[in-house]
Amino acid sequence: MPEDEAQLARAAHGFLHGLEALHKADFVHQDLRWTNVACTAERAYFLLDLETYQWADQTPQIHLHMWEGLLQDCKYTTASDICLLGRMLCGLYAMQQALTPDGMAFKHIISQPVGQALTAAQLLSHSWIACQGLDCRVAGAQPNERYVG
C-alpha cells in the first residue's frame, strides 16, 4: 500500500489508467478495493480481479455493501467506479496526512458525489497525477501503444 503522498499519486495514476481503459470499452470494474490491486517492485500499481466487471450503466447483477450511494437510477456507472476509487484512496492513512496543495485539490475532486464525478481521463489530466498522455508508462504501456478511440 502507498505509504506517502508520492506513492499515493502513483497508485491513483495507475488505477485511473486501468479505469480509463475499462470505461472506454463501456465496462465498469465495480469492486475497487486494496485487495484487488497489485504493485510491482518499481511501485507501479494496477487493477486486478475483473470477475465483477459488467457493462456500464446497467443494473448490477450483484450488490456489494460498498456501493451505498454510488448507484444512479439503480445503475452502476463509470462515475460509480470513480467515486469508489475516491473512497478507496481517501480511506488510506497517507491521504489523511498533510498533502501538497495539488494533493488536497485532487482529494477534494475525487471525493465528490457520484453525480459530480469527473471521468478517469479528466482526472489523469490533474496536475497531482502528472500523466504524460500517450508517452506515459505508469500503467506498463510503451509510448503510443494505448488505444486512442
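In the elastic network of the chain, a GNM with C-alpha springs shorter than 10 Å, the most mobile of Gln112, Gln30, Gln97 is Gln97. In units of the compact-protein estimate 2.2 N^0.38 Å, the chain shows a Cα radius of gyration of 0.99. Taking only the alpha carbons of the range 46-102, we obtain Rg and Dmax values of 13.6, 40 Å in that order.
In this structure the chain gives 54 Å² per residue of accessible area when probed at 1.4 Å with all protein chains present. Take every Cα pair under 8 Å whose residues are at least 6 apart in sequence, average their separation, divide by the length of the chain, and the relative contact order is 28 percent. Using a probe of 1.4 Å on the protein chains alone, the accessible area found for Asp102 is around 70 Å². Counting protein heavy atoms only, the range 49-133 has 55 percent of its accessible area on carbon and sulfur, 1.4 angstrom probe.
So how strong a dipole does the chain carry about its Cα centre when Lys and Arg Cβ are +1 and Asp and Glu Cβ are -1, to the nearest 20 debye?
120 debye
If the elastic network links every pair of Cα atoms under 10 Å, which of Leu64, Leu92, Leu123 fluctuates the most in the Gaussian network model of the chain? Looking only at Leu64, Leu92, Leu123, the largest GNM fluctuation is found for Leu64. On the principal axes of its alpha-carbon atoms, the range 1-85 has extents of 39, 24, 19 Å, going from largest to smallest.
With a 1.4 Å probe rolled over the protein heavy atoms of all chains, the accessible area of Phe46, Phe15 falls in the order Phe46, Phe15, largest first.
A 1.4 Å probe, protein heavy atoms only, puts the accessible area of Thr52 near 20 Å².
The values are calculated or read from the model by the stated rules, or taken from the named source; none is laboratory data. All figures in this text were calculated on a predicted structure; none of them were measured in a lab. As a convention, Cβ positions derive from the backbone with ideal geometry for all residues, glycine included, and neighbour counts pool all protein chains shown. SASA here: full protein model, heavy atoms, side chains in, ligands and nucleic acids out. Shrake-Rupley method; radii C 1.70, N 1.55, O 1.52, S 1.80 Å.
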